[in-house]
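One structure coming up, written as structure tokens, with questions to follow.
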Amino acid sequence: MKLPMTNPADLQENPRSFFCVSEDKFIKVFTTSGTTSAPKKAYLTRRDINTIINSSVTGMRLIYHINPHDIIRLTFEEGYGTEIWGNRYCYEHIFGKIGALTLVTGRLKIEDELKILLEYKPTVFMDVSSRINYLTSELKKLHDLDTLGITRILLGAEPTPNSMRKKIEQAWNTDVFMGYGTTEIGMNMAAECEEKHGMHLTETNFLTEVIDPSTGEHLEDGEIGELVFTTLNREGMPLIRYQSRDLGRIIPDRCPCGLPLKKIEIKGRTDDMLPIGAGDNLFTRMFDDILFGRPEVIEYQAIFERKEGKDHITIIAETSSITDALRDKIFTGLMELPEINNGVHISHTVAPPRVELVKPNTLDRKSIKAKRLLDKRNLYD
Ligand SMILES: [Zn+2]
């Protein structure tokens, strides 16, 4: 039997066509980030929310030994603009159910963050890796992080290079564990154990397949392809063979930690999405709109690098009219993207973009044909 796949675009265009219960049964809707790229929406019933919370409570207790004595520092935003993110809501309920004191705010200034750490002495810190990485580099200028008493740092769904993990672990003298989840399928879909080699899947909630993204053929465990998920117990909006656009593999061997759950590794994306800042996503078409929206621009390339805990974007644009006015207009266009603006002004994980204007035919056309957004950050090492 061959069931067709569910394409993410279907969720953007018509989420209601996935409803399997009457609309009044839904109590939450969560959306993916991406205000200019039609966010995908997940509607959840009370039972769906309880399933996410209960399975995450089990995982948090079992893998990270979170208990009522823990104090959790949680700094997820609730969303920007019209986005509605689910992480903060779910984790507040997860830790609340465990009975741990949870300290929740959005992203604070460094001095205010330090005040919270010193006054309440949290034992667990949770956010996305780029924000923790930024906090680490700034906080350690003000205080010895090793003395603050954080015993576990849990990183949300965002690729985290191992080099970044080691830097954070050394600064806080603690363990950093990574998790994986998507708004559409469920928060907390997979989490690392103490082995820190791949993330154990919550196999009771969904079925995981790996396919060849070009042919759709099923791949064996160990082979890298697109991760495809089928929800097993979603009540309101079940998804069948949903293409996550994440590239990864199922690790074939049993984990030495003893947990009988399969593990996955994330290796990249099948589309042109680039994660930026603290949990936002950029797509080539956003840059196309800004750059090619200016008739003077002939060609461009956007280069992404990571320096001192921040994402740096350099736009190199070819034009015959190299003027400050054009440079300013492009810069303003970029800063109007909420994904960049929030990163620069709220989470402080993105540096203001740099715009460089060059003469026509300066850029390497082969490199542009491969990718207009060139990511040099090595996110999936
Ligand atoms: Zn394990």
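The values are calculated or read from the model by the stated rules, or taken from the named source; none is laboratory data. All values derive from a computational prediction rather than experimental measurement. Counting neighbours? That spans all protein chains shown, and the Cβs are built from the backbone with ideal geometry, glycine included.
Restricting to region 271-326, count the residues that are of a type in the set (Val, Ile, Thr), farther than 16 Å from residue 353 by Cβ and in contact with a Leu (Cβ under 6 Å, 6 or more places away or on another chain).
Total meeting the criteria: 2.
Report whether or not residue 275 is away from the ligand (no atom under 16 Å from the Cβ), within 26 Å of residue 2 (Cα to Cα) and in contact (Cβ under 8 Å) with a residue 60 or more places away in the chain.
So residue 275 fails the test.
Considering (1) modelled with pLDDT under 85; (2) within 16 Å of the ligand (Cβ to nearest atom), say which one residue 254 fails and leave the rest.
Failed condition: (1).
May I pose another question? State yes or no: is residue 281 modelled with pLDDT under 90 and within 16 Å of the ligand (Cβ to nearest atom)?
Here the answer is no, as residue 281 does not meet what is asked.
Now a separate question. Scan region 225-245 and tell me whether some residue there is away from the ligand (no atom under 16 Å from the Cβ), of a type in the set (Ser, Thr, Tyr), at pLDDT below 95 and buried (at least 18 other Cβ atoms within 10 Å of the Cβ).
Within region 225-245 (the criterion being away from the ligand (no atom under 16 Å from the Cβ), of a type in the set (Ser, Thr, Tyr), at pLDDT below 95 and buried (at least 18 other Cβ atoms within 10 Å of the Cβ)), the answer is yes, since at least one residue qualifies.
Do you know which residues across region 105-138 are of a type in the set (Val, Ile, Thr) and in contact with a Ser or Thr (Cβ under 8 Å, 6 or more places away or on another chain)?
Once the filter is applied, which keeps residues that are of a type in the set (Val, Ile, Thr) and in contact with a Ser or Thr (Cβ under 8 Å, 6 or more places away or on another chain), region 105-138 yields 105, 116, 123, 124.
How many residues are under 15 Å from residue 294 (Cα atoms), surrounded by 15 or more Cβ atoms within 10 Å (Cβ to Cβ) and out of contact with any helix residue (DSSP H, G or I) (no Cβ under 6 Å at 6 or more places or on another chain) when one looks only at region 320-355?
Counting residues in region 320-355 that are under 15 Å from residue 294 (Cα atoms), surrounded by 15 or more Cβ atoms within 10 Å (Cβ to Cβ) and out of contact with any helix residue (DSSP H, G or I) (no Cβ under 6 Å at 6 or more places or on another chain) gives 5.
Inspect all residues belonging to region 314-324 and state whether any of them is modelled with pLDDT of 90 or more, more than 16 Å from the ligand (Cβ to nearest atom) and closer than 30 Å to residue 210 by Cβ.
Taking every residue of region 314-324 in turn, none turns out to be modelled with pLDDT of 90 or more, more than 16 Å from the ligand (Cβ to nearest atom) and closer than 30 Å to residue 210 by Cβ.
OK, next. Being of a type in the set (D, E, K, R) and at pLDDT below 90 is the filter; apply it to region 10-56 and report the residue that is nearest to residue 282 (Cα to Cα).
Applying the filter and picking the extreme gives 40.
To continue, here is another question. Pick from region 75-88 the residues that are buried (at least 21 other Cβ atoms within 10 Å of the Cβ) and touching a Lys or Arg at 6+ places or on another chain (Cβ under 8 Å): which of them is modelled with the lowest pLDDT?
77
Still on this structure, I have one more. Looking only at region 127-143, decide whether some residue is surrounded by 22 or more Cβ atoms within 10 Å (Cβ to Cβ), closer than 16 Å to residue 60 by Cβ, in contact (Cβ under 8 Å) with a residue 24 or more places away in the chain and not assigned by TED's automatic domain parsing to the domain that holds residue 306.
Yes, that holds for at least one residue.
Pull up region 183-224, narrow it to residues that are of a type in the set (Ser, Thr, Tyr) and surrounded by 15 or more Cβ atoms within 10 Å (Cβ to Cβ), then point me to the one that is farthest from the ligand (Cβ to nearest atom).
Going through the qualifying residues, I end up with 183.
List every residue pair whose Cβ atoms lie under 9 Å apart, where the two residues are 6 or more positions apart in sequence or sit on different chains, the first residue falls within region 241-264 and is over 25 Å from residue 2 (Cα atoms), and the second residue, located anywhere, is polar (S, T, N, Q) and away from the ligand (no atom under 14 Å from the Cβ).
So the pair list comes out as 261/204.
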